[in-house]
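Undergrad: Okay, handing you the structure first.
The values are calculated or read from the model by the stated rules, or taken from the named source; none is laboratory data. Keep in mind that this is a model prediction, so the values were computed, not measured. Every residue, glycine as well, gets a Cβ built from its backbone with ideal geometry; the counts of neighbours run over all protein chains shown.
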Amino acid sequence: MQNGMLLKKTMGKTVAASILATASMITAAASAAPAAQKSKVEAKVEPSKSGLAFHFHVVPDTGLHINQEGPWQLEIKAAPGLTFASTTLKKDAVDFALPGFTLATTVPPSQSSGSVTYKLIAFVCTNDKAQCFRDVLNGEVAWKR
């Protein structure tokens, strides 16, 4: 009889440990899911003295505003046919009047058209400043000479 009670206790602990482990895995998976973006990028291209100027304008969702305190960054991932002085811009290059980045080529394009792939990190907050969000905005903008 005592062996039966011991077996029942052991099985109960094993089941409880299994449930706890499963709950932990579900929680970890939920926290690892990417957060929904709270802003978007409107990109446009126009002629410049040295070739082309790319404007990356961040537009926050309704009820949010731009947070100027975050470490903003723009990284050009791919730009075949284009030459930039730098392919990574940090917060000191943000034009908060835009708000966003403007990046010009240093020489005219070597192709007649193409696209630029980018990653822009922006920061937005709720209007009451109760919550702030870091957005990683990946995109591509087509250009034509």
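Undergrad: Taking the criterion of being under 18 Å from Val116 (Cβ atoms), hydroxyl-bearing (Ser, Thr, Tyr) and either more than 14 Å from the chain's Cα centre (by Cα) or in a strand (DSSP E or B) (or both), would at least one residue in segment 69-84 satisfy it?
TA: yes
Undergrad: Let me ask something else. Hey, does segment 89-101 have a residue that's more than 22 Å from Lys40 (Cβ to Cβ) and without any contact (Cβ under 8 Å) to a residue 24 or more places away in the chain? Break it down stepwise before answering.
TA: Narrowing segment 89-101 to residues more than 22 Å from Lys40 (Cβ to Cβ): 92.
Subsequent filtering for residues that are without any contact (Cβ under 8 Å) to a residue 24 or more places away in the chain retains 92.
Checked against the condition, which is being more than 22 Å from Lys40 (Cβ to Cβ) and without any contact (Cβ under 8 Å) to a residue 24 or more places away in the chain, segment 89-101 yields at least one hit.
Undergrad: While we're on this one: Inspect segment 43-51 for any residue being assigned to a loop (DSSP other than H, G, I, E, B) and over 30 Å from Lys129 (Cβ atoms) and give the result as yes or no. First the steps, then the outcome.
TA: Just the residues of segment 43-51 that are assigned to a loop (DSSP other than H, G, I, E, B), to begin with: 49-50.
Narrowing the set further to residues that are over 30 Å from Lys129 (Cβ atoms) leaves 49-50.
Yes, segment 43-51 contains at least one residue that is assigned to a loop (DSSP other than H, G, I, E, B) and over 30 Å from Lys129 (Cβ atoms).
Undergrad: Here's another thing I want to ask about it. Inside segment 52-110, can you point out the residues that are closer than 13 Å to Val141 by Cα and small (Gly, Ala, Ser)?
TA: Within segment 52-110, Ala53, Ala78, Ala79 meet the criteria.
Undergrad: Looking for whichever is buried (at least 18 other Cβ atoms within 10 Å of the Cβ), modelled with pLDDT of 95 or more and within 23 Å of Arg145 (Cα to Cα) here; the options are Phe123, Phe101. Which one fits?
TA: Details: Phe123 fails: within 23 Å of Arg145 (Cα to Cα).
After ruling out the rest, the residue left standing is Phe101.
Undergrad: Can you tell me which residue is surrounded by the most Cβ atoms within 10 Å (Cβ to Cβ) among those in segment 52-96 that are of a type in the set (Val, Ile, Thr) and farther than 20 Å from Arg134 by Cβ? Lay out the reasoning, then the answer.
TA: Of all residues in segment 52-96, those of a type in the set (Val, Ile, Thr) come to 58-59, 62, 66, 76, 83, 87-88, 94.
If we keep only those that are farther than 20 Å from Arg134 by Cβ too, we end up with 83, 87.
Details: Thr83: 14, Thr87: 16.
This residue is Thr87.
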